[in-house]
Amino acid sequence: MPRADRMKRWDYTELVKVLKFLNNNFNKWFENHMEACTAASKNTNIDRDASSIYSKVHTLIKDMENSIEADRSPTCNILRESKKISKLVRKICIKTRERTERTQIKESQEKKINRKSGGDFKVNIETNQVTTVGETSTNQMNQMGSFQMPIVIEEVKTLCNERIQGIETKRKEDIEKISQIQSEMIETLMDANNKINNKCEELKQYQ
């Protein structure tokens, strides 16, 4: 699409269509911004290419993120003037923050599990065979009889892992609940700030 596409002023209808699409297809946006913008261009039937859409949405999101962090009103006029567009952009910001936090928690848990299981393997140098602590070869069983100790260890590990999994599941649920409360609180505060700013603008008329 010609360069003029990026210079053309965005109107309200275009932005609402794009932001609604990205909210409804947030997984695609989170995983790949440009692919999501390409899909938005095709599905919303607006005269914008993926680069133009990404540039505009990225600017709005950054402004909204900065306003949330600094607890102030956005600097972009369209975010101050349109509650609908402001709400749609804010939803993307909140969804992104929540998904990022969940991803980081999941990665942290996986690293802990990998560290815990890191010592469970041993190599038999003579046979070049890799076995876990709870496993043993047929020759070892014949030489050592019933060889109960590794089985007991595995039972203890299984029991502890089940308890750990239960705690991690409960923790994940608590984090999701807290994140939801946070989202609702931020949205409420932003709505309140917008109302206050609108009233301040009204007061300026009486100067």
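The values are calculated or read from the model by the stated rules, or taken from the named source; none is laboratory data. What you are looking at is a predicted structure, and each value in this text was computed from that prediction instead of being measured. A quick note on method: Cβ atoms are made from the backbone with ideal geometry, for glycine too, and the neighbour counts reach across all protein chains shown.
Tabulated values for the structure
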read-out: Tabulated pairs, region 176-188, first touching a residue at least 24 places away in the same chain (Cβ under 8 Å) and surrounded by 12 or more Cβ atoms within 10 Å (Cβ to Cβ), second part of a helix (DSSP H, G or I) and not hydroxyl-bearing (S, T, Y), C-beta under 6 angstrom, 6+ apart or interchain; value: S179/E98; S183/I94
read-out: Test: residue in region 65-76 that is of a type in the set (D, E), assigned to a helix (DSSP H, G or I) and either under 16 Å from E187 (Cα atoms) or modelled with pLDDT under 95 (or both); value: yes
read-out: Failed criterion for D47 (all others in (1) closer than 30 Å to I181 by Cα; (2) surrounded by fewer than 17 Cβ atoms within 10 Å (Cβ to Cβ); (3) in contact (Cβ under 8 Å) with a residue 12 or more places away in the chain hold); value: (1)
read-out: Number of the condition not met by S86 [criteria: (1) hydroxyl-bearing (S, T, Y); (2) over 17 Å from A192 (Cα atoms); (3) surrounded by 13 or more Cβ atoms within 10 Å (Cβ to Cβ)]; value: (2)
read-out: Search result, residues across region 1-18 that are at pLDDT below 55 and among the hydrophobic types (A, V, I, L, M, F, W, C); value: M1, A4
